[in-house]
Every structure is written in structure tokens, then in C-alpha cells.
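Computed from the coordinates by the stated procedures, all read-outs in this text should not be read as laboratory data. None of the values given here were measured: they were computed from a predicted structure. Cβ placement follows ideal geometry from the backbone for every residue including glycine, while neighbour counts extend to all protein chains displayed.
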Amino acid sequence: MSRVYLDHAATTPPDPRILAAMWEVYTRHWGNPSSIYLEGQEARHVLDEARAMCARLLGALPREIVFTSGGTESDNAAIRGVALAQRARGRGTHIITTRVEHHAVLHTVEQLQGEGFTATFLPVDRDGVVDLGALEEATGPDTALVSIMAANNEVGTLQPVAEAARIARARNPQVVVHTDAVQAAGAMDIAPDALGVDLLSISAHKLHGPRGVGLLYVRSRTPFQAIMFGGGQEKERRAGTENVAGAAGLAAAMKLAWDEMPARIEHTGQLRNRLLYELPERIPGTVITGPSDPDRRLPNNFSCCFRNVEGESVLLGLDLADIAASSGSACTTGSMEPSHVLTAMGIDPDLAHASLRLTVGKDTTDAEIDRLLSTLPGIVSRLRALAGA
Ligand SMILES: Cc1ncc(COP(=O)(O)O)c(C=O)c1O
């Protein structure tokens, strides 16, 4: 039986059209873009084209795009790069973020706390939406940076980023605003001007592109300093010989995602809604996590907790039935700690242990959702019987 892949928030299968674009670069334009001879100049041209494409899709300027090794590096660079530059200008040492960010953001902020910065981790409501009143209260003259994700990777909650940016700037006009748009990219308008942000992170492998490639958008004149040192690549903002094929892959991935966005939203939304409405009917004791209003969460995200079962056992049962799913964040799978996102949302830790995230993709079919819906109830009831529940 063929496998059913329902973990597109973890990573996405590479699209052959993107692989073809990258293969062309690997085989024909493999020079170092810093070299002055023909091979180098050809590679430089490919890199420039990729940058121009990414910039155009974001409504940005090419010089505002910094290619990175993925979402994690983009988040690290945004937070460290801005925090250190703001402090050097005497513009404060206070960072505001939320309790439900990806660890790439949370652990970077925690690291900076050990280097003399202070931090506020904003609370969220039961749906995972950030408390804007708490943001307003926390923002002060010492606040250097606000980082709020556009959409959550575990429960799909969309955050009011534009409103948050307005609130923070009204309190302190020198505040710099970053958003982690790794999950939101391709699912909604993430143009930095629309979101009102100064920095924005994207990762290619969530868009059917290559692993280990991403970008950081940095608005012109934003205080920012490099966190990697070496050559002067990326206008001194990110040292290291450029991943030209990767950048071409990211540009191709974004172009396809942007071109196909309405169709992908429609398709994934329709499949996800089947999960949202049919799964609780088939499995008593299902608690939906994240907003129950489909318009307030990512179109491809379904997440829930089951009463009286262990989440890992559900995942193993699904895997044996040839269905790939996740308990939430790929990074916390295998750890005994309940997810920090579910805990921040006020979900009881016992219930949070039995979490399941199903994320569909552009190539997921109705038949695959049928298979999930007919397989999962049996797995959950067998586990409940074993546990004597
Ligand atoms: C919201 C969010 N931010 C950052 C990352 C990290 O991106 P990458 O895997 O490209 O390092 C992820 C990946 O799961 C994510 O979901």
C-alpha cells in the first residue's frame, strides 16, 4: 500500500519543477559568484535573478533579500542581528516575543538574556492568539525588537502581526519588528509592507523546495549586523560562498507557491475542513487545538488532542498503517515534555501529551483523507482499550 504523507508542516516533498531548475544550476552554472571570470559571472547572474524574483514576490527591493541556510538561521540572524545593532546604537536592550514561537526564535532570545538583554514572552489565549494588550503594556522606551510569528507551526493559528506592529510602534517608533513567516509563506499574503514588518523569515523546504535554504528580508535602513563572519557576501550581512542552486530553488519554490496560492489554499482548505468536521464525529473525546474557525488558522493545518491516549502511540499506529503524521512540532517529537505551544494555550499537560497534527499539501487527495478517517478511529479505540480507558 502506498504511503500517505500528512506532515507538510514538517517538510514537503520536493517538486520536480524546482529540482529541474536546481539541476540546471548545478550542472551549468556551478561557478563561484565572487569569481571575475565567465563561470563566476554566470553564477552571479543566476543569483541576481533568484534575488530579484524573491524580492518581486515579496514586494521588496533585491538588496533587502539575504539568502540564508533556512528558517532557523533567518530567525537567529534577525533576532541577534537586530538586538546587537540596536544596543550598539543605544536603542534599548529589551526584546518582546511570544510564548508560542518556534524554538529558533525562543532559544535565540533566551541566549541573548544571558548576554545582558531582557525579554518579555507574551501570553496567548486558548486559540493561541497573542495578547495585544500585553504587548502594548510591555513595549517601552527600552524595547529594541518585537518578534511575532505570522502563523504557528503546531496549531496553525494566524497572528495579528500588522496590528501588533502598529501597537508597538505607537509606543516606541524606534522598535524593529520581525516575523517568522516560515509556515505562513505560500498560504497568505506575507508582503512585509502588508504585515508592517522590518524583517521576515522564509524557508524553502516548506514550499516543496530544497532543505537548508531560506531568506531573511531586511528592510532598508533597519539596524542590523551580521552574525556570521568571513567573506563579504550578501552585502556583508551573511558570510559564506553563496548556495546558488539553493537560491534558485527557493526562488522557483516561491514563484510556484505564489502563482498557485489560490488553488492550493482552496484544495488544502477543503481537505483540512474534512478533518476538522469529520474527525471529532468519528472519535469521541477529540479536542481540537487552535482556532475552530477555519479562517483563523493555516488552511492546511489540523491539530487536536485525544483524551486517554498517548500521542506517540497514535503516531506509531498510524505509521504502521502507512500514514505519516506528527504530534506537533517535529523538534519536540521524541521528547517527553508536552509542547510549549499547547501548554501556553492553557491545555492541560496530560491532554497535551496526546496531541496530533495533520498537515495536508497540494498533492494530498480525498482518497488519502478517507484512509486516515477510516484508520484513525480504530487505532485510538484500541489504545484506549489497552489503557483500560
Ligand atoms: C515556524 C517555524 N520557524 C522556523 C522553522 C525552522 O526552519 P528550518 O527547518 O528551515 O530551519 C520552522 C521549521 O519547522 C518553523 O515551522
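Laid out as a table, the results:
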| read-out | value |
| --- | --- |
| Lysines with Cα under 21 Å of K255, excluding same-chain neighbours fewer than 8 positions away | K206, K362 |
| Amide H partners (placed H, <5 Å) of V176, local residues excluded | L145, V146 |
| For region 3-153, the fraction of alpha-carbon pairs in successive 10 Å shells from zero, as % | 9, 26, 29, 22, 12, 1 |
| For S327, S74, S34, S220, order by how many other beta-carbon atoms lie within 10 Å, fewest first | S220, S34, S327, S74 |
| Taking E281, E42, E49, E64 and counting other C-beta atoms within 10 Å, the order from fewest to most | E281, E49, E42, E64 |
| Long-range HN-HN contacts of D7 with modeled amide H, under 5 Å | T359 |
| Helix-derived mean residue ellipticity, 222 nm - over the chain, DSSP H n ≥ 4, -39500 (n - 2.57), to 500 | -13500 deg cm²/dmol |
| Rg in Å to one decimal, and Dmax rounded to a whole Å, for the chain via C-alpha atoms | 21.4, 72 |
| Nearest-ten-degree value, helix 244-259 long axis tilted from longest Cα axis of the chain | 60 |
| Proximal aspartates and glutamates to K235, defined as alpha-carbon separation beneath 18 angstrom and excluding residues fewer than eight positions away on the same chain | D48, E49, E64, E73, D198 |
| Inter-centroid distance (Cα atoms) of region 144-202 relative to region 259-289, Å | 25 |
| Beta bridges per DSSP with both ends in region 16-146, % antiparallel, nearest 5 | 10 |
| Considering only region 16-259, percent of DSSP beta bridges that pair antiparallel, nearest 5 | 40 |
| Additional length obtainable on full extension of the chain from Y37 to A52, 0.36 nm per residue less Cα span | 3.2 nm |
| For T68, residues with placed amide H under 5 Å, excluding near neighbours | G214, L215, L216 |
| Note, ³J(HN,Hα) from phi for region 147-152, Karplus 6.51, -1.76, 1.60, rounded to Hz, x at Gly and Pro | 10, 10, 5, 6, 8, 7 |
| Residue order, fewest to most surrounding Cβ atoms within 10 angstrom, among T120, T143, T179, T343 | T343, T120, T143, T179 |
| Residue-wise HN-Hα coupling along region 358-367, computed from phi with Karplus coefficients 6.51, -1.76, 1.60 (Hz; x: Gly, Pro) | 10, 10, 8, x, 5, 9, 5, 10, 4, 4 |
| Calculated from backbone phi, Karplus (6.51, -1.76, 1.60) coupling profile of region 381-387 in Hz, x at Gly/Pro | 6, 4, 5, 5, 5, 4, 7 |
| Kirkwood hydrodynamic radius (C-alpha pairs) into Stokes-Einstein, region 270-330, 25 °C and 0.890 mPa s, D in µm²/s | 197 |
| Cα-Cα P(r), region 98-227, percent of pairs per 10 Å interval | 12, 44, 37, 7, 0 |
